[in-house]
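The values are calculated or read from the model by the stated rules, or taken from the named source; none is laboratory data. On a predicted model such as this, the values are computed, not experimentally measured, just so you know. Please note: Cβ atoms are built from the backbone with ideal geometry, for glycine as well, and neighbour counts cover all protein chains shown.
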Amino acid sequence: MKSVALIGTGLMGKPMGINILGKGFPLTVYNRTVSKTTELAGAGARVAGSPLEAARSADVIITMVSNIEAVDSLLKGKEGILAALGMGKIFIDMSTITPEASKSFAALVKATGAEMLDAPVSGSTNVAEKGELTIMVGGDPRVLDEVREVLQAVGKFIFHVGDNGSAVALKLVLNHFVGGMTALLAEGLMLADKLGIDYSVFSNVLNSSVVKSPMYDIKSPKMITGDYAPQFPLRLLVKDLNYISRTAAAAGARMPVHEIVRNLFSAAGENGYGEKDFSAIYEFLGKE
Ligand SMILES: NC(=O)c1ccc[n+]([C@@H]2O[C@H](COP(=O)([O-])OP(=O)(O)OC[C@H]3O[C@@H](n4cnc5c(N)ncnc54)[C@H](OP(=O)(O)O)[C@@H]3O)[C@@H](O)[C@H]2O)c1
C-alpha cells in the first residue's frame, strides 16, 4: 500500500484526508496553518512540520491548495516539496490552477526523476466528505494506474483527460459553467420573486424543465435561506474566473459572456463577499 502525504488541509483537503485514512493509507499531512490539521491528527494522520518533511515521508504527495502561488511556494520554497522528489515519487496537484502553470510545475518535477499528474476535482465539500468527487487527470496514464487506488479513496469518477495540464484546462472549462450558471440562477430567482412567482412552484418547474441542474438543486436553497456558509468560497471562484480569462486569451477563445460573469463576481469579492459561498452572489445582486 502506498504511503501518502497531503499538503493543504482546508475546506477540501480535510475531508479528502479523512477518506484517505479511512481506506487505510498511511497519511502524513502538512498545512501552513497548523490548527487545520488537528482533526486529521485525531483520525490517525501524522503531522509534518514542513512540506519537505511531508514529501520525504511518502510515495505519493498530493497538494490541494488555493492557487498557483501556493503550489509554487510549497514546491520551490524553503523546505519545499521539490527537494524530496526523485525516482519512484509521484506528485499530484489537485488544486485548480492554469494549464500553463501546471505544465511548468510538471517540467520541474520530472527533472528530478519523479512523476506528476494534475488531478483537479469537481464537487464541493459535501461531495468531498462522501468521497465522491469527480477527478480529472492529466499526465501519463501509467502513472494514473499506479495511484488509482489513492484517488479512488476521494473520488467516485476518474477521467484521464490527456497530457500534463489538460485536466486543469478542462476544470477551468467546467468552472466557466459554474460561474455563469450560478449568476443566471441568481438573476432568475430574483426575477421570479419580483414577478410574484412562489419559490416552491419556481423550484418544482425548474426541476421538471430542460434547465434542471444538480447545481441549482444545491445552490437555490442557499440563496433562498441566505445560508452562505462556504462550500466553495466566492474568492476561489473569482480566482478561477481570472484563470479562465487568462487561459482563454492565450488560446484565442472569445468569451464576452464570461467577462460579464467575472466582473460580477469580482465586484462581489471587492464588496466583502469573498469568504462567503459563491451562491451569495444572489444577496449581492439584491444590494446593487
Ligand atoms: N471548495 C470547493 O468547493 C472546491 C471544489 C473544487 C475545487 N476546489 C479547489 O481546491 C483547492 C482548495 O480549495 P479549498 O476550498 O480547500 O480552499 P481553502 O479552504 O481556502 O484552503 C486553501 C488551502 O491552501 C493553503 N494555502 C493557500 N495559500 C498558501 C500558500 N501561499 N502557501 C501554503 N499554503 C497555502 C491554505 O493554507 P492555510 O490554511 O494556511 O491558509 C489551505 O490549506 C482550490 O484550488 C480550489 O479552487 C475547491
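Checked against the criteria, Ala250 counts as part of a helix (DSSP H, G or I), within 24 Å of Lys103 (Cα to Cα) and either in contact with a Ser or Thr (Cβ under 9 Å, 6 or more places away or on another chain) or among the small types (Gly, Ala, Ser) (or both). Screening Tyr228 with (1) part of a loop (DSSP other than H, G, I, E, B); (2) modelled with pLDDT under 95; (3) touching a helix residue (DSSP H, G or I) at 6+ places or on another chain (Cβ under 7 Å) gives one miss only, at (2). Here Asp93, Asp72 are screened, and the one residue that is under 13 Å from the mean Cα position of the chain (by Cα) and charged (D, E, K, R) is Asp93. Against the criterion of being under 30 Å from Ala248 (Cβ atoms), among the polar types (S, T, N, Q) and crowded, with 18+ Cβ neighbours inside 10 Å, Ser57 does not qualify.
Here the stretch 217-253 is the region considered, the condition is being charged (D, E, K, R) and under 13 Å from His176 (Cα atoms), and the residue that is surrounded by the most Cβ atoms within 10 Å (Cβ to Cβ) is Asp240. Between Ser50, Ser73, the distinction of being more than 8 Å from the ligand (Cβ to nearest atom), surrounded by fewer than 23 Cβ atoms within 10 Å (Cβ to Cβ) and assigned by TED's automatic domain parsing to the domain that holds Asp145 belongs to Ser50 only.
Taken together, the criteria place Met1 among residues that are modelled with pLDDT under 95, of a type outside the set (D, E, K, R) and away from the ligand (no atom under 15 Å from the Cβ).
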